[in-house]
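Contents: one structure, followed by commentary.
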Amino acid sequence: MRGVDDVNVWENALIELRDRVRSVKDSNDEIFNRLRFSFDRLDSLEVKNCFLYCSFFPEDYAFSRRELIECWIDEGLIDGLPSREAAYKRGHAIIDRLEKNFLLEKDDRLAAFLAYSIVIPRAKMHDVVRDMAIVSIGPEFGYMIKAGMNLVKLPDEHGWVKDPKKLSLMANDILKVPLSLSPKCSTLSTLILSSNSNLSEIPESFFGEMLTLKVLDLSSTAVETLPTSISKLKNLSTLRLQLCKKLKYLPSLANLKGLKKLDLYKAGIEVVPQGMGMLISLEYLDLLFCPNLKEIPIGILLNLSSLQYLAVCFLRETTIVRNFEEVARLKKLETLECNFDGIQDFNYFVNKFKDFERAITYSLLVGSVEDRLRRSKHELVITGCEIGEKCIVLPNKLEDLSIIGLKNMGSSLSKIALLEKANELKACNIRSCEEIECVVELDSSSSSSLRCPVFDKLEELWLSQLPRLCELVRVEGEATPPHVFSNLKELCVVSCSGIRKLLPLELLQALQNLESITVYFCHQMQEIIASLDSDASSSDKFTFTFPKLRELCLFSLPQLKSICSAKGVMVCNSIEKIEMVGCPKLKRIPVQLPQLDNGQPSPPPHLREIWIGASSKEWWESLEWDHPNAKNLLQPFLKY
C-alpha cells in the first residue's frame with residue numbers, strides 16, 4: 001500500500017485483509033494470507049511474475065540485480081521494449097517496487113564484504129516470503145520449485161506436478177539423469193538444473209517430451225557433452241551453459257532458429273558450436289573467458305546480425321583485426337564486452353573503434369582478468385600488467401575504472417598519465433598496487449596544480465590492499481586543498497595496512513555529498529576524522545556535518561581510538577546503518593542525536609540498525625555517551 005493516499009482504497013484494503021485473516025485457522029496460513037495480500041496488491045501481472053521468479057533460487061540466495069533482470073528477460077517477463085537498456089531500466093524499477101513493498105530485501109551485509117573488489121547491489125527473498133510464493137502461489141501458475149533441497153536424484157515421473165510450466169531444480173546434489181527418464185512435460189517452458197555441480201550426463205531421451213521448452217539452464221554443472229536431441233527443441237530461446245568447465249562439445253545448433261541467448265561464459269568448449277552462424281535470431285552471445293577456445297571462424301560474428309549483446313576474448317592468436325572488423329559491422333549491437341591479452345592489443349582496438357556512440361555500453365578488460373564487473377555503462381578493468389612507459393588509450397565516455405595489481409604506477413593517482421583524460425570518471429577502484437601512497441597529491445606553489453579535474457565528478461572510490469597508502473590527499477606547502485571529491489558518495493578503504501588517519505580536516509568541507517564510509521581490515525587505522533593538533537587543550541566543541549551520510553561501517557580496526565576529536569560531534573541525521581565490529585579501543589560514538597521540541601534527544605529518524613558483533617556486548621556497555629539517555633535510545637537498533 002506504500003504510495004497510496006486515497007482513504008477509500010485504504011478502507012477497502014482493510015476489509016480485504018480482515019476477510020483473509022478470518023478465513024484461515026493455521027498460523028502459517030495466516031502469515032501466508034497476509035503476505036498474499038501484498039502480492040495481490042502488486043499493480044500488474046508482469047510484476048507478479050517477476051516476484052514469483054525470485055522463488056526459483058535457493059533459500060537465502062543473494063542474487064545480483066543484473067543476474068535477476070537477465071533471468072526476467074530470458075523468460076520474456078520483461079518484453080516489448082525497444083532496447084536491452086530499456087529492459088534493464090524496467091527491471092530496476094520492478095526490483096525497487098518489490099523492495100519498497102518488502103517482498104524483496106537488500107542484502108547489505110553481503111555487499112559490504114564484497115568491498116575487497118567491488119560492491120554489487122544484491123537482494124534476496126525472506127524465507128517466509130519465499131515459502132509463501134512456493135506453497136501458496138506457485139502451484140496456481142504451474143511452477144514446481146525444488147531448489148536447494150539437497151536432492152541427489154531427479155524426481156521420478158510420479159514426483160512431477162501435473163503439466164508443469166516452470167521447473168527449478170537449482171543448487172541440488174543431483175549426480176545424473178536416469179537413462180530411462182523421459183518426463184511427459186508437454187507444457188514445460190523453463191527447466192533449471194544449474195548449480196548441480198556433479199551432474200555430468202544427460203541421456204538422449206530426457207528432452208523427448210519437452211518440445212515446448214524455451215529456457216534451459218545447465219550452468220555450473222559437470223556436463224561434458226549435450227545430447228543431440230537438444231537440436232529438436234525448436235522453441236528454445238535461451239540456453240545457459242556458463243561455468244560448464246568440462247563441456248567440450250555441443251551438438252549442432254543450426255535448427256534452433258528461435259534461439260535468442262547462448263551463454264557459454266567460462267565454458268570448456270574448444271570450438272564454437274556447429275551451426276552457430278545460422279542463429280539469425282541470436283541477440284545475446286557470451287564467449288568470455290573460454291580458455292580452450294582459440295579462434296572464432298571468419299564470418300561467424302558477421303552472420304549474427306541480430307546481436308545486441310556480445311562478450312568475447314580478443315587474444316593475440318585470434319586474428320584480432322579480422323574479428324574487430326566484424327564487430328564493427330554489427331548494426332544492432334548495444335553492449336560490447338571484450339577481454340584483451342595486453343595493452344598493445346587494447347590500444348589497437350580503442351584507436352580503431354574510438355567512437356563508441358553506437359554501443360550503448362561497453363566493458364573492456366585488459367590483462368589477466370579473472371572475472372567481469374558489469375556495474376557501469378562504460379567501464380575499463382586493467383590488471384596484471386606493467387605500465388612502465390606504455391601509453392594507454394582510454395575509450396570515450398569512461399565512467400568506471402578498475403586498476404588491479406599494476407606496477408610502475410608511482411606514488412599518487414593524480415600523477416598517473418592514464419587518468420589525465422578521464423574527465424567523465426564516476427567510479428574508481430584501485431587494488432593491489434604497492435607503490436600508491438596517496439590518492440591526490442597537490443602542490444600549493446601553483447594554483448593550477450591545486451585542481452585535479454579527474455576527480456571532479458567521482459562518486460565512488462574503492463581502495464583495497466594498498467600497503468603504502470598513508471593518506472587520501474597530500475598537499476605540498478601551506479594551503480587548503482580545493483574541493484577535491486566534492487561529488488563523492490561512497491568511500492571504501494579495505495586492507496590498507498599503513499593508513500592511520502582517513503579524512504583530513506581540510507577535506508571535510510568538500511564531502512557534503514558523502515553517503516557511505518566503509519573501512520575494513522586497516523590494522524593501523526587510529527582516526528576516521530583527524531584531530532586538530534590543539535584538540536587536547538581546547539575547550540571548544542567541533543561539529544562535523546555530513547548531511548547525506550547513510551552508512552558508517554567500521555570492521556576489524558584493532559587500533560581505532562576515535563571517529564573524530566574528543567570534543568567533536570558528527571551531525572548525520574540521514575544515517576541509516578552503523579556497523580562497528582572489531583574496534584576494541586574505540587570508546588565513543590560521536591553521532592549527535594536529534595532533539596525533540598521538548599529538548600529531549602531522539603534516535604536519528606532514518607536509523608535502521610547498529611551492528612556490533614556477537615562478542616561486543618561488553619564493549620557496547622563500556623562506551624561513553626554525550627547524553628545519558630543515548631545508550632537506552634539506541635538499544636532497540638542493536639544487531640549482533
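No value in this document is a laboratory result; all are computed from the given coordinates. Keep in mind that this is a model prediction, so the values were computed, not measured. Quick reminder, even Gly has a Cβ in these numbers, built from the backbone with ideal geometry, and neighbours come from all protein chains shown.
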Put +1 on the Cβ of each Lys and Arg and -1 on the Cβ of each Asp and Glu in the chain; which of ASN513, ILE69, SER180 then has its Cα farthest toward the positive end of the dipole?
SER180
Residues TYR520, TYR640, sorted so that the one with the fewest Cβ neighbours within 10 Å comes first
TYR640, TYR520
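What FRET efficiency would be calculated for the residue pair LYS585, LYS548, taking the C-beta separation as r and a Förster radius of 22 Å, to the nearest 0.05? Let's see the in-between values first.
Working: r = 28 Å, r/R0 = 1.29.
Between LYS585 and LYS548 the formula returns 0.20.
How large is the translational diffusion coefficient of the stretch 501-639 in µm² per second when you combine the Kirkwood radius over alpha carbon pairs with Stokes-Einstein at 20 °C and 1.002 mPa s? If you can, show how the numbers build up before the last one.
Numbers: Rh = 15.4 Å.
Using the Kirkwood radius from Cα pairs, D works out to 139 µm²/s.
Pop the C-beta distance of ASP371 and LEU638 into the FRET formula with R0 = 60 Å and round what comes out to the nearest 0.05. Walk me through the numbers on the way to the answer.
Numbers: r = 36 Å, r/R0 = 0.59.
Calculated value: 0.95.
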Rounded to two decimals, what is the ratio between the C-alpha radius of gyration of the chain and 2.2 N^0.38 Å?
1.08
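Tell me, in nm to one decimal, what length is gained between LEU211 and VAL135 on full extension, where the rule is 0.36 nm per residue of separation less the Cα-Cα distance? Present the calculation step by step, with values, prior to reporting the outcome.
Details: separation 76, 0.36 × 76 = 27.36 nm, distance 2.72 nm.
Computed gain between LEU211 and VAL135 is 24.6 nm.
Given the Cα-Cα distance of PHE37 and LEU14 and 0.36 nm per residue of separation, how much length would full extension add, in nm? Each step should come with its number before you reach the end.
Working: separation 23, 0.36 × 23 = 8.28 nm, distance 1.02 nm.
Full extension from PHE37 to LEU14 adds 7.3 nm.
Where does each of GLU434, GLU75, GLU370 land when they are ranked from fewest to most other beta-carbon atoms within 10 angstrom? Numbers along the way, then the final one.
Numbers: GLU434 13, GLU75 20, GLU370 10.
Lowest to highest Cβ neighbour count: GLU370, GLU434, GLU75.
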For the residue pair LEU596 and SER622, what label-to-label distance in nm results when each label sits 7 Å from Cα along the Cα-to-beta-carbon direction?
3.3
Calculate, axis by axis, the spread of Cα positions in the stretch 27-114 along the three principal axes, and write the results as whole Å, longest axis first.
45, 35, 21
Can you work out the FRET efficiency for the pair LYS232 and MET149, with r the C-beta to C-beta distance and R0 = 41 Å, to the nearest 0.05?
0.85
Run through the DSSP bridge list for the chain and note the antiparallel percent, rounded to the nearest 5.
5
Approximate spin-label separation HIS92-LYS245, in nm, with each point projected 7 Å along Cα-to-Cβ
3.3
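Counting other Cβ atoms within 10 Å, which trypsin sites (Lys or Arg not before Pro) in the stretch 605-637 have at most 16 and lie in a DSSP loop? Walk me through the numbers before you get to the answer.
Details: sites: ARG608, LYS617, LYS631; in loops: ARG608.
Taking the stretch 605-637 and a limit of 16 other Cβ atoms within 10 Å, the loop trypsin sites (Lys or Arg not before Pro) found are ARG608.
In nm, what is the difference between 0.36 nm times the number of residues separating LYS331 and LEU45 and their Cα-Cα distance? Each step should come with its number before you reach the end.
Numbers: separation 286, 0.36 × 286 = 102.96 nm, distance 3.34 nm.
Going from the current span to full extension adds 99.6 nm.
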Fewest Cβ neighbours within 10 Å first, please rank ARG329, ARG90, ARG500 accordingly.
ARG329, ARG500, ARG90
Please report how far the C-alpha centroid of the stretch 142-197 lies from that of the stretch 562-640, rounded to the nearest whole angstrom.
50
Inter-probe distance in nm under a simple model that places probes 7 Å from Cα toward Cβ, at ASN255 and SER615
6.1
